[in-house]
Amino acid sequence: MKLENIKIVMVETTHPGNIGAAARALKNMELSQLVLVNPKCPIGERAYSRGSGANNVLDERVIVDSLPEAVTDCQLVVGTSARLRSLAWPELTPETLAQKVSGLSDDEKVAIVFGREHAGLTNEELKHCNYTVTIPTNPKFSSLNVASAIQVVSYEIYKNMLEVDDSESMNISEPVADSAQLEGYFSHLEQVLISTDFLNKDNPRQMMKRLRRLYQRAEPSKNEVNILRGILSSVEKYKK
Ligand code: SAH
């Protein structure tokens, strides 16, 4: 999934400050597509001032007349709501939304739709959404400012992308050690630990089991196991 393929859609927003604050939130999270459905205010000085430098996002905003028009090219459309609806709709949390988004392919497009300040989204508008997302809040005071809601959802998506990038960069492309190689390592390790008196042959307790669990959890590569065996050999050589 590419961040540039995510649209933040604001429906009939009435306060220019909210549009500016939303643009700022987008830019903070490396999003760039702001789509305004029939905005009820001018996008002028007040919006730019609240945007605090997110001018490019405001300059490049797209204005359309209706929600279907805003989401027509999107594979995933998600509506946001402060409250549960009488009409049950498949729900995601901000976190599961972020996971879903990061699992999409690079050419898929996503729209996340935010409602009017005073009235949210209509049930008719929600029908265009595959899912709804509600940010968990105080049940007695559940409605966030629309730009704050955009910030929270965008942050979850951004954070998830960073985590995915991180785990990919940690992916070692070397072949992983097979069980036979690990078994060879474990018996070598046991032998050395006995020879150094770290392990009592007559009372080994759970030591080898714990060490096995540790190494198996790490899923070491063939190369890494060779290094570990090299360390054991150096201990043996030193002992002699
Ligand atoms: N009175 C309206 C509140 C609208 S708040 C209502 O009951 O729906 C304006 C917009 O901010 C909402 O349409 C939604 O897009 C977003 N929003 C506010 N609080 C939210 C929350 N807790 N979870 C998800 N979106 C929220």
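The values are calculated or read from the model by the stated rules, or taken from the named source; none is laboratory data. Model, not experiment: these values are computed from the prediction. All Cβ positions, glycine included, derive from the backbone under ideal geometry; neighbour counts span all protein chains shown. Note: areas computed on protein heavy atoms with side chains; ligands, DNA, RNA excluded. Shrake-Rupley method; radii C 1.70, N 1.55, O 1.52, S 1.80 Å.
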Computed lengthening from Arg46 to Lys2, 0.36 nm per intervening residue step minus Cα-Cα distance: 12.8 nm
Among Lys40, Lys201, what's the order by accessible area (1.4 angstrom probe), most exposed first? Lys201, Lys40
Hz values of 3J(HN,Hα) by residue in the range 146-161 - Karplus curve (6.51, -1.76, 1.60), Gly and Pro given as x: 4, 5, 5, 4, 5, 4, 5, 5, 5, 4, 4, 5, 5, 4, 4, 4
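Can you pull the semi-axes for the range 20-147, root of five times each eigenvalue of the Cα gyration tensor, sorted largest first, whole Å?
Those come to 23, 18, 15 Å.
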Where only protein heavy atoms count, and the probe is 1.4 Å, what is the accessible area per residue for the chain in Å²? 58 Å²
Calculate the length of the line joining the C-alpha centroid of the range 221-238 to that of the range 39-69, in whole Å. 61 Å
Computed Rg/Rh of the chain, alpha carbon atoms with Kirkwood Rh: 1.26
Name the most mobile residue of His188, His15, His128, meaning the one with the largest mean-square fluctuation, in a Gaussian network model of the chain with Cα contacts below 10 Å. His188
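Please state the charge dipole magnitude for the range 1-107, taken about the Cα centre, from unit charges on C-beta atoms (+1 on K and R, -1 on D and E), reported in debye and rounded to the nearest 20.
460 debye
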With the cut-off at 1.5 for a/c, could you classify the range 51-122 from its C-alpha gyration tensor as rounded, prolate or oblate? oblate
How about the range 159-230: which chymotrypsin sites (Phe, Trp or Tyr not before Pro) there lie in a loop by DSSP and see at most 14 other Cβ atoms within 10 Å? Phe198
Using a probe of 1.4 angstrom, how much of the accessible area of the range 3-168 is carbon and sulfur, in percent? 49 percent
Around Ile63 (Cβ within 14 Å, Cβ-to-Cβ, excluding Ile63; K/R +1, D/E -1) the net charge comes to -2
Using modelled amide H (1.01 Å from N, peptide plane; none on Pro or chain starts), what sits under 5 Å from the amide H of Gln33, excluding residues fewer than 5 places away? Ile8
With -39,500 (n - 2.57) per DSSP H segment of 4 or more residues and division by the full residue count of the chain, the 222 nm estimate, nearest 500 deg cm²/dmol, is -14500 deg cm²/dmol
Got a number for the accessible area of Glu174? Probe 1.4 Å, square angstrom, nearest 10. 70 Å²
Between Ile112, Ile63, Ile150, which gets the highest mean-square fluctuation from a Gaussian network model of the chain, Cα cutoff 10 Å? Ile63
Using a ≥ b ≥ c from the Cα gyration tensor of the range 179-238 (square roots of the eigenvalues), is it rounded, prolate or oblate, where a/c under 1.5 gives rounded and otherwise the larger of a/b and b/c decides, a/b for prolate? oblate
